[in-house]
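The values are calculated or read from the model by the stated rules, or taken from the named source; none is laboratory data. Keep in mind the model is a prediction, meaning the values are calculated, not measured. All Cβ positions, glycine included, derive from the backbone under ideal geometry; neighbour counts span all protein chains shown.
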Amino acid sequence: MSKKAEFVFEDGEWWYKKRDNGTRRIRVDAYLRENSNRMFVNGKYVPASHPLHKPGRYKSFEAAAFDSLKNYTQSKEGQVYIISNPNFKGWVKVGMAVDANDRLNNYQTSSPFRDYKLDYTFDTEDRRASEAAAHTALDARFPRNGEWFKCSPRQAWSIIANVVNQSNKKAA
C-alpha cells in the first residue's frame, strides 16, 4: 500500500512530502500551522463555514459535536432524512441530523449486514422543526412506531419534500 504523504528527515530538517510523486515538500512546522484550523470528519474535510466546525480530526460528527456540545445544541441547520432497511420491509425511519451520511454510519454499526440505506435527504434551515413537521404530516397518513412509518421511501419523500420546503420558507 502506498502512502499518501509522509514525514521525512532531509537536509537537516523534518519535511512533509505531499501526495504527488514526492517532489513537493513543506516544512513540518509550516504544515502543522497550515492545518491547525482545519476540521476533518472520517477523513473528509469540513469547511470553516459548517455550523459544527471545530479544528481537529474526528471519527464522526457526533464525536465532534460532543467535543463542541454548545455548537451542537445551538446549531439549527442540518438535514431531515429517510432511511430504510430490507429487514423492516414497508417501513421507513424519518429523522434529523447535522449530516445524514454520518447518521447512516451510526446505524450501520448496529447492523452486521450494513444494510441500512439512506433513501433521501432534505437540507433544512431548522432540522428540529422540519423533522417535527414531517412527523406530523406523515402521522396523519401512515401508521407510526416512534420515528418509523409504515410507507415506502417514495411516499414519505412526496410528503416530506413539501413540509421541508415550507419549513425553510418560514425560517428564511
Residue 94 passes all but one of (1) hydrophobic (A, V, I, L, M, F, W, C); (2) more than 30 Å from residue 144 (Cβ to Cβ); (3) modelled with pLDDT of 85 or more; which number fails? (2)
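Of the residues in region 123-132, how many are in contact (Cβ under 8 Å) with a residue 24 or more places away in the chain and either over 23 Å from the mean Cα position of the chain (by Cα) or assigned to a helix (DSSP H, G or I) (or both)? Outline the logic, then answer.
Residues of region 123-132 that are in contact (Cβ under 8 Å) with a residue 24 or more places away in the chain, as a first pass: 123-131.
Still in the running and either over 23 Å from the mean Cα position of the chain (by Cα) or assigned to a helix (DSSP H, G or I) (or both): 127-131.
Result for region 123-132: 5.
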Could you tell me which of the residues 141, 154, 114 is in a loop (DSSP other than H, G, I, E, B), more than 22 Å from residue 44 (Cβ to Cβ) and among the charged types (D, E, K, R)? 141
Looking at residue 30, is it over 30 Å from residue 10 (Cα atoms) and either in contact with an Asp or Glu (Cβ under 6 Å, 6 or more places away or on another chain) or not basic (Lys, Arg) (or both)? no
Going through (1) outside any helix (DSSP H, G or I); (2) more than 16 Å from the chain's Cα centre (by Cα); (3) at pLDDT 95 or above one by one, residue 135 fails only at (1)
So how many residues does region 89-122 have that are loosely packed, with under 15 Cβ neighbours inside 10 Å, over 14 Å from the mean Cα position of the chain (by Cα) and in contact (Cβ under 8 Å) with a residue 40 or more places away in the chain? 1
For residue 58, work out the one condition from (1) of a type in the set (Ser, Thr, Tyr); (2) assigned by TED's automatic domain parsing to the domain that holds residue 166; (3) touching a strand residue (DSSP E or B) at 6+ places or on another chain (Cβ under 8 Å) it doesn't fulfil. (2)
Reported set for region 1-29 where residues are at pLDDT below 75 and either among the hydroxyl-bearing types (Ser, Thr, Tyr) or in the same structural domain as residue 43 (by TED's automatic domain parsing) (or both) is 2, 23
